[in-house]
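What follows is a set of notes on a single structure, which appears directly below.
The values are calculated or read from the model by the stated rules, or taken from the named source; none is laboratory data. Owing to the predicted nature of the structure, the values given are computational and were not obtained by experimental measurement. A quick note on method: Cβ atoms are made from the backbone with ideal geometry, for glycine too, and the neighbour counts reach across all protein chains shown. The area values use the complete protein model at the heavy-atom level, side chains included, leaving out ligands, DNA and RNA. Shrake-Rupley method; radii C 1.70, N 1.55, O 1.52, S 1.80 Å.
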Amino acid sequence: MFILGIHIGHESSAALLKNGEIIGAIQEERFDRIKNSSNFPINAINFLLDKAQILEKDISYVVVPGINLGKELPYDVLKRRLGYRGNKIIFWTLLFLAYLFNSNLIRKKIYSTSKVTKLIVNHIKKFGFINAKVQFLDHHLCHAASAFYSSPFKESLIITQDGKGDGSSGTVFIGSKKNIREIARQSDKESIGQFYAEITRFLGFKPNRHEGKITGLAAYGNSSYLINKFRSLVRATYPVI
């Protein structure tokens, strides 16, 4: 059984598994030469299919990380990432009006999980994955699975921490044999990653790209100067047991 995993977003990528074994994984930027490319990873997908010497119809599942992509990514933005045309003027006007009038009705036109899900599924089928079942999985569960199932451990405590995904910025899981059980989750409102991205922006660099430079600069700072203020901004995860 072949499973294709695809990520559509900053650092778009694809991974291919055969009966649970990784055949390969690669980012789209290697092909379109755009740093941190957010384009649909069709070149990465084709590379992996060629490597495995299979066709689109041989794929059983296409897995996409994110069960609420439409709440985090505007529908019009995703359309353009997939190569469809969108009216930027209308989009930015609606976005401005939504925040100006605090209108949930307008927000529903901009953010829609059902519309985004349908668009992605149709786009995948358009490329010939006619036999594949398309599944959307929790963002942080995918992070945890990639770490645990590729590790040598049969049991492990798994911690994920990033900017945000599916409304969360961090999770804690227990991995045991083939099972992963969630025990705690941190809201994206408490995101250390988002905070770090804004610090990166404030200092004149590009978020989601230059955070490593800020890490290097941090070595020249005084770690005790702002630590208490930082702790007051971020709360611990809350249990979901």
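How would the stretch 30-187 be classified by its alpha-carbon gyration tensor: rounded, prolate or oblate, with rounded meaning a/c under 1.5 and the a/b versus b/c comparison settling the rest?
Because a/c hits 1.5 or more and a/b fails to exceed b/c, the stretch 30-187 counts as oblate.
List, in order, the whole-Hz ³J(HN,Hα) value for each residue of the stretch 162-171 obtained from phi through the Karplus relation with A = 6.51, B = -1.76, C = 1.60 and θ = phi - 60°; use x for Gly and Pro.
Running phi through 6.51 cos²θ - 1.76 cosθ + 1.60 with θ = phi - 60° gives 8, x, 5, x, 6, x, 10, 10, x, 8 Hz.
Just to be sure I understand the model, the point goes 7 Å from the Cα along the line to the Cβ. What's the resulting residue 34 to residue 118 distance in nm?
Each label point is offset 7 Å from its Cα along the Cβ direction, giving 2.6 nm.
Sorted by packing (mean other beta-carbon atoms within 10 Å per residue), highest first, where do 172-181, 60-69, 40-49 land?
So the order, starting with the most tightly packed, is 40-49, 60-69, 172-181.
Can you order the peptides 8-15, 21-28 by their average number of other Cβ atoms within 10 Å per residue, highest first?
Sorting 8-15, 21-28 by mean packing, highest first, produces 8-15, 21-28.
Net charge around residue 38, counting only other residues with Cβ within less than 15 Å of its Cβ (Lys, Arg = +1; Asp, Glu = -1)?
Surrounding charge for residue 38 is +2.
In nanometres, what is the gap between the two model label sites at residue 176 and residue 97, each 7 Å from Cα along Cα-to-Cβ?
Reported label-point gap for residue 176 and residue 97 is 5.3 nm.
Once both labels are modelled 7 Å past Cα along the beta-carbon direction, what's the residue 234-residue 131 spacing in nm?
Each label point lies 7 Å from its Cα, and together they span 4.6 nm.
What does the charge count near residue 139 come to, summing +1 for each Lys or Arg and -1 for each Asp or Glu among other residues with Cβ under 13 Å from its Cβ?
Here the count lands on -3.
Ignoring ligands, DNA and RNA, what percent of the 1.4 Å accessible area of the stretch 1-138 is carbon and sulfur?
The computed percentage sits at 55.
Can you give the extra length, in nm with one decimal, that the chain gains between residue 80 and residue 189 once fully stretched, where that is 0.36 nm per residue apart less the Cα-Cα distance?
36.5 nm
Only loop residues by DSSP count here, and only those with at most 16 other Cβ atoms within 10 Å; note down the GluC sites (Glu not before Pro) in the stretch 103-209 that meet that.
Filter output for the stretch 103-209: empty list.
Give me the accessible area per residue for the chain, probe 1.4 Å, as a whole number in Å².
Here the residues of the chain average 63 Å² of exposed surface.
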